[in-house]
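Have a look at the structure below, then the notes.
A short reminder: the numbers here are calculations on the coordinates, not readings from a lab. Every value quoted in this text rests on a predicted model; they were computed, and no experiment measured them. For neighbour counting, all protein chains shown are included, and Cβ atoms are generated from backbone atoms with ideal geometry for every residue, glycine included.
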Amino acid sequence: ELTYFNGEFVEPGAKVISIDDRGYLFGDSVYEVVRVVKGRCFALSYHQDRLYRSMREMDIPVKMTPDDLTELHEILIEQSEIKEGYIYLQISRGVAPRHHAYDRSKLEPQMLMSIRNLDMDAVNKLGEGVKAIALPDERWDHVDVKTTNLIPNILAQTKAEKKFAYTAMLFRDGVCTEGATSNVFAVKDGILYTHPADNHILKGITRQMILTRVAPSLGITLIEKEFDRAFVDDADELFFTDTIGGVIPITKLDRNPVSGGKPGAITLRLREALEKLMEEGLP
Ligand code: PMP
């Protein structure tokens, strides 16, 4: 584990965040999580595009060039010698006495980055499939922005884990949006379906990889459209996607077995093809 804060490396657990940091007080910050595969960041440019968009949307000034950010990621990997892990990056709006409104001209964004090892046995085990529970999506209308304002996700994830589920599948007005920490896909009659990338889901990088590279490479058609619980219950296969777990087969939803209680064949082909792409690498 190695942590970098505002221009320097700090000891694990170091007390460097001000109690007046707006990230701490209000969750007024944006973040990214990038996978490190074989000592290289996977799809870093995609994560950076999303980070810069989050900052634009939240009106947080950008003080770093993509090249500077890329170099910092590389330094963290080099110094930690981590081969299989992930880098967490968080930029808060800045430090000021607690007041909801902010004055952009008086705030200096604060950047935290840390690299950690991944338990690859746990990641590989996800390929055997997970149980999920359905819960209402109680988040705001801009979840396409990756902010640290995650209380609804935290509550949903905790409810799921209390029921011994891996995570929750969220439904907004009857429509399946995404997971508490992932995107959702369904397979029906050989065709892949996922929620359109609008303001009601996070446009996951893994989702984008499936959409633009993995599914096309396998000749699998993918349709972005809204679907409801009845469609989910009727699906041949279901899976989550995220940066850490890749393609995560769902084998049980609430009390119902999915694809006969084992990972679906198309899901597993996608998981394998994504793993291959990650090993080949992508800037
Ligand atoms: N949706 C939510 C709510 C998430 O927290 C995540 C994980 N960051 C995702 C989707 C998946 O995004 P990605 O593939 O970029 O990790």
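Keeping to segment 50-70, report how many residues are surrounded by 14 or more Cβ atoms within 10 Å (Cβ to Cβ) and part of a helix (DSSP H, G or I).
Residues of segment 50-70 surrounded by 14 or more Cβ atoms within 10 Å (Cβ to Cβ): 50-55, 57-58, 60-61, 64, 66, 69-70.
Next, only the ones that are part of a helix (DSSP H, G or I) stay: 50-55, 57, 66, 69-70.
Within segment 50-70, residues that are surrounded by 14 or more Cβ atoms within 10 Å (Cβ to Cβ) and part of a helix (DSSP H, G or I) number 10.
Taking segment 178-216 as the range and being over 14 Å from the mean Cα position of the chain (by Cα), within 12 Å of the ligand (Cβ to nearest atom) and under 16 Å from residue 133 (Cα atoms) as the test, only 185 passes. Applying the condition of being part of a loop (DSSP other than H, G, I, E, B) and touching a Gly at 6+ places or on another chain (Cβ under 6 Å) to segment 84-134 and asking which residue is farthest from residue 72 (Cα to Cα) yields 107. If you go through segment 219-227 one residue at a time, do you hit one that is more than 22 Å from the chain's Cα centre (by Cα) and loosely packed, with under 14 Cβ neighbours inside 10 Å? For segment 219-227, residues more than 22 Å from the chain's Cα centre (by Cα) and loosely packed, with under 14 Cβ neighbours inside 10 Å: present.
Among the residues of segment 232-263, those identified as over 17 Å from residue 177 (Cα atoms), away from the ligand (no atom under 16 Å from the Cβ) and among the β-branched types (Val, Ile, Thr) are 251, 258. Candidates are the residues of segment 27-47 that are surrounded by fewer than 20 Cβ atoms within 10 Å (Cβ to Cβ) and touching a Ser or Thr at 6+ places or on another chain (Cβ under 9 Å); the one that is nearest to residue 99 (Cα to Cα) is 27.
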